Structures are given as C-alpha cells and as structure tokens.
Amino acid sequence: MTDLTQLQQQAETELAASQDDAALEAWRIKYISRKGLIPAAVKQIGALPPEERAAYGQAVNRLKQGVQAAFEVRQQAVKEASLQAELTAEGIDVTLPGRRPQLGRLHPISRTLRQIYDIFGSMGFQIYTARDVETDETNFQLLNFPKGHPAREMQDTFHTTVPDVLLRTHTSPGQIHAMRDYHPEPIRVILPGKCYRYEQVTARSEMMFYQVEGLAVGHSITFADLKGTLHAFANQLFGEGRQLRFRCSHFPFTEPSAEVDIDCILCGGKGCRVCKYSGWLEILGCGMVHPTVLRNGGYDPDIYSGYAFGMGPERISMLLHGIDDIRYFYANDARFLPQFA
Ligand code: PHE
C-alpha cells in the first residue's frame with residue numbers, strides 16, 4: 001500500500017523545485033495525469049479490506065485535492081515569474097527623449113521660383129509649362145534661328161540619337177507652344193522649366209539650369225509695357241527703389257531686343273567685386289516678339305504685338321543670397337542646401 005504521507009511530501013518537494021513550464025509539465029505527468037502516481041494511489045481503494053476503505057479513501061482524496069491546488073498555485077507563480085523576467089530583459093525606458101524626425105525643406109531654386117510665380121501671379125500671369133525635349137524646329141527654326149545661323153552658336157546643344165530631336169537650350173520654344181494653344185486669345189504667361197546646354201561647367205554656368213520665360217501677346221502691347229512689368233517685378237523681388245538699365249542686344253526671336261541690368265544690390269551702384277565695379281548686374285534678356293515669331297505662333301503681326309523676356313532663377317538666387325558658385329545648387333551638398341530654410 002502506498003504511503004500517502006511520503007507521496008505527498010515527495011510531490012510537494014518536486015513541485016517546489018519546478019522552475020519552468022517544461023518542469024511543471026513533467027511533474028503533472030508524473031503525479032496527476034491519468035497514469036500518474038496519485039490516480040494510481042486512488043485505484044488502490046478497491047484492493048483494501050472494506051473496513052479500511054473509508055479512511056484511506058478520505059485520505060487519498062484530500063491528498064489529491066491538496067496536490068492539485070498546489071499545482072495550480074505553482075503554475076501561476078511560474079507564469080508570473082517568466083513574464084517579469086521578460087519585461088526586465090526588454091526594458092523600455094519611457095523617459096528617454098524621442099528621435100527628432102528629419103524635416104525636408106524646399107530647394108533654394110524652388111523657393112526662388114515660387115517668389116517669381118507669386119510676383120507675376122499678382123500681375124495676372126498664368127504659369128504655362130512646356131516640354132523639356134524639343135525639336136530643332138521649335139527650339140530654333142520657328143524662333144528665327146534658321147539652320148546654319150550663327151546665333152545658334154550661343155547655345156551649344158545636346159542632340160539626341162533621333163535626328164532633329166534635342167533637349168531645349170532655352171524656354172523660348174514654349175512661346176510657340178503657348179501661342180498655338182492660346183490663339184486667338186491674348187496671352188499673359190510665364191514659362192518656367194529646365195534647360196540644357198552642352199557647356200563646360202564653371203562657377204558661372206551649369207549644363208542644366210532653370211529659366212523663367214515671360215510672354216505677353218495682345219493688342220497695342222508696347223515696349224513701355226515690358227519696361228513697366230519688369231520694373232514692378234524687380235522692385236518686388238529685390239526691394240523698392242531698384243534702378244533698371246536696358247542695354248541694346250540681339251536675340252533672333254525679339255526685335256528690338258535688350259538685356260536688363262539692376263543697380264547692384266550689394267554696393268547700391270558704387271561698384272564692387274560682384275558687379276565687377278560696374279555698379280550693374282545683368283538679370284535677364286527681353287524684347288518685343290519678332291513679327292515672324294508671332295506669325296509662326298498663329299498671330300497676325302499687323303494686328304497683334306507682344307513682348308517676351310527670359311531670366312535665370314539660379315542667377316537671381318545667387319544675387320539674392322550672395323552665392324558665388326552656381327555648381328552648389330545641384331551638387332547636393334548637405335552643408336549648402338539646409339542654409340535656405
Ligand atoms: N531665350 C533667351 C536665352 O536663353 C532669353 C530670352 C528670352 C531673350 C525671351 C529674349 C526674350 O538667352
């Protein structure tokens with residue numbers, strides 16, 4: 001006959017020594033599972049003489065219940081201990097400061113472009129975007145640069161493997177697209193976008209750069225309108241009281257043509273390194289739209305007239321911020337770009 005006291009002691013000692021789920025499971029199988037020692041002790045009731053059965057039965061049942069209860073308490077304790085161990089191991093310090101997300105900012109040229117859009121927008125100009133890939137016809141011929149014309153030499157060109165398809169060297173071909181789109185309505189647009197020239201990259205010239213073209217076409221538009229518009233623009237962008245100087249120039253697609261300077265924003269016209277001691281800074285090219293170009297856009301030059309201008313936002317940004325090398329804009333240098341927040 002099993003010694004119940006000894007069985008109970010043995011079960012309790014081994015239970016107390018069970019530290020994890022695997023040990024507890026082994027204990028359960030050994031003692032209380034269907035084939036375990038305790039059910040085996042219960043079965044022995046049948047083998048006892050009738051007068052001993054009641055006492056043994058009570059004792060073995062008490063043992064069974066006590067051990068079962070002890071098992072459940074132990075199981076709970078092991079579970080809590082392992083949870084506690086896990087929490088300590090993974091310890092999160094909720095008082096640590098968070099990581100700051102890196103905020104992006106606008107590229108300095110995007111900022112300059114937006115300033116330009118705002119100023120011309122306030123004067124009623126819409127933005128017209130044209131394509132970067134043009135043909136020899138739209139980039140040159142329709143703008144009065146026939147094949148072989150020496151003025152083409154001013155704009156070294158990236159040609160493609162498709163004959164007569166090229167990367168635009170200026171935004172002026174957009175004039176043709178805008179005129180053909182708007183005809184016969186009057187036009188007041190600016191045409192921003194990238195241009196490409198096959199040139200030696202220096203502090204003053206990049207292979208890829210932006211231009212913002214302006215175009216107005218309508219009845220009775222004169223050079224005075226062009227001057228007034230550019231004067232208003234320069235005063236808003238560079239500050240009130242700007243002086244403008246119009247110098248005679250030549251572009252095949254405007255007649256007459258001019259280059260426009262502002263009085264040097266650094267020295268106020270006295271002469272400094274930036275203006276090369278001339279007191280003036282060149283900011284754009286402009287002129288009255290050539291009659292042939294108006295005609296190529298669908299407008300009769302006997303009825304309509306117009307003006308056009310073209311400026312380089314990189315150059316304007318360099319003047320506004322005192323940047324002395326155009327290559328900084330697209331070199332992607334993290335020391336340069338964040339300065340323009
Ligand atoms: N397209 C000319 C250039 O790139 C600039 C310009 C535009 C001049 C419009 C006159 C009128 O040099």
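FYI, it's all coordinate maths here, none of it is from the lab. All figures in this text were calculated on a predicted structure; none of them were measured in a lab. All Cβ positions, even for glycine, are placed from backbone atoms using ideal geometry, and neighbour counts span all protein chains on display.
Taking a point 7 angstrom from the Cα of D300 along the C-beta vector, which residues in the range 164-190 have backbone N less than 14 Å away?
184-185
At what distance in angstrom do the alpha carbon centres of the range 265-341 and the range 250-264 lie from each other?
Here the two parts' Cα centres lie 11 Å apart.
To the nearest 20 debye, what charge dipole does the range 2-90 have about its Cα centre, counting +1 at the Cβ of each Lys and Arg and -1 at the Cβ of each Asp and Glu?
Working: 10 positive and 12 negative charges, 106 e Å.
It comes to approximately 500 debye.
Do any chymotrypsin sites (Phe, Trp or Tyr not before Pro) in the range 266-331 lie in a DSSP loop with no more than 16 other beta carbon atoms within 10 Å, and if so, which? Spell out each step's value before the answer.
Numbers: sites: Y277, W280, Y299, Y304, Y307, F309, Y328, F329, Y330; in loops: Y277, Y299, Y304.
Sites meeting the loop and neighbour criteria: Y277.
Going by Cβ distance under 4.7 Å, what cysteines of the chain have no possible disulfide partner?
Singleton cysteines: C195, C248, C286.
By how many nm would the segment from E86 to A47 lengthen if fully extended, with 0.36 nm per residue of separation less the alpha-carbon distance? Don't skip to the answer; put the middle values down first.
Working: separation 39, 0.36 × 39 = 14.04 nm, distance 4.96 nm.
Full-extension gain reported as 9.1 nm.
Got the relative contact order for the range 37-165 handy, in percent, Cα pairs under 8 Å and 6 or more residues apart? Don't jump to the answer; show the numbers that get you there.
Working: 24 pairs, mean separation 16.7, N = 129.
Rounded, it is 13 percent for the range 37-165.
Cα to Cα, under 25 Å, and not fewer than 8 places away if on the same chain: which lysines meet these conditions relative to K35?
Straight-line reach from K35, under 25 Å: K43, K64.
What's the magnitude of the charge dipole for the chain around its Cα centre, counting Lys and Arg as +1 and Asp and Glu as -1 at the beta-carbon? Answer in Debye, nearest 20. Numbers along the way, then the final one.
Values: 35 positive and 39 negative charges, 95 e Å.
Its charge dipole is roughly 460 debye.
Show which aspartates and glutamates lie in cross-link reach of K194 when reach means a straight Cα distance below 16 angstrom and same-chain residues fewer than eight apart are skipped.
List returned: D132, E134, D156, E206, E213, E314.
Compute the long axis of helix 50-90 from its Cα atoms, compare it with the longest principal axis of the Cα atoms of the chain, and write down the angle in degrees, 0 to 90, nearest 10.
The angle comes out at about 20 degrees.
Give me I32, I283 sorted ascending by neighbouring Cβ count inside 10 Å, so fewest comes first. Intermediate values should be presented prior to the final figure.
Values: I32 16, I283 23.
Taking fewest neighbouring Cβ atoms as first place, the list is I32, I283.
When a footprinting reagent is the concern and you count Cβ atoms within 10 Å, what order do V42, V217, V201 take, fewest first? Each step should come with its number before you reach the end.
Working: V42 16, V217 27, V201 13.
Exposure proxy ranking, most exposed first: V201, V42, V217.
Long-range amide H contacts for G279: which residues qualify at under 5 Å (H placed 1.01 Å from N, peptide plane, sequence gap of 5 or more or a different chain)?
It is G271, C272, by chain and number.
Roughly how tilted is helix 21-31, in degrees to the nearest 10 and between 0 and 90, from the longest Cα axis of the chain?
20 degrees
Order by neighbour count: V67, V78, V133, fewest other Cβ atoms within 10 Å first, most last. Before the final figure, lay out each step's value.
On the way: V67 20, V78 16, V133 13.
Going from least to most buried by this count: V133, V78, V67.
Using the alpha-carbon atoms, what tilt in degrees (0 to 90, nearest 10) does helix 173-182 show relative to the longest principal axis of the chain?
That helix lies at roughly 90 degrees to the long axis.
Would you compute, from DSSP H runs of 4+ residues alone, the mean residue ellipticity of the chain at 222 nm, taking -39500 (n - 2.57) per run and dividing by the full residue count, rounded to the nearest 500? Present the calculation step by step, with values, prior to reporting the outcome.
Details: 10 runs with 133 residues, N = 341.
Value at 222 nm, helices only: -12500 deg cm²/dmol.
Counting other Cβ atoms within 10 Å, which trypsin sites (Lys or Arg not before Pro) in the range 134-194 have at most 16 and lie in a DSSP loop? Walk me through the intermediate numbers first.
Details: sites: K147, R152, R168, R180, R188, K194; in loops: K147, R168.
Filter output for the range 134-194: K147.
Excluding same-chain residues fewer than 8 positions from K79, which lysines have a Cα within less than 21 Å of its Cα?
K30
When the Cα centres of the range 109-127 and the range 70-91 are compared, how far apart do they sit, in Å?
If you average the Cα positions of each part, the centres end up 67 Å apart.
Per residue of the range 95-110, in order, report the coupling 6.51 cos²θ - 1.76 cosθ + 1.60 (Karplus, θ = phi - 60°) as ³J(HN,Hα) in whole Hz, putting x for Gly and Pro.
8, 5, x, x, 8, 6, x, 6, 8, x, 9, 6, 4, x, 6, 4
Which one, G297, T112, F125, is farthest towards the positive end of the dipole of the chain when Lys and Arg carry +1 and Asp and Glu -1 on their Cβ?
Comparing the listed Cα positions along the dipole, T112 ranks first.
Once you place label points 7 Å from the Cα toward the Cβ at Y330 and Q65, how far apart are they in nm?
Going by the 7 Å Cα→Cβ label model, 9.0 nm.
Where in the range 182-199 is the amide nitrogen less than 20 Å from a point lying 7 Å along the Cα-to-Cβ axis of H219?
Correct set: 182-189.
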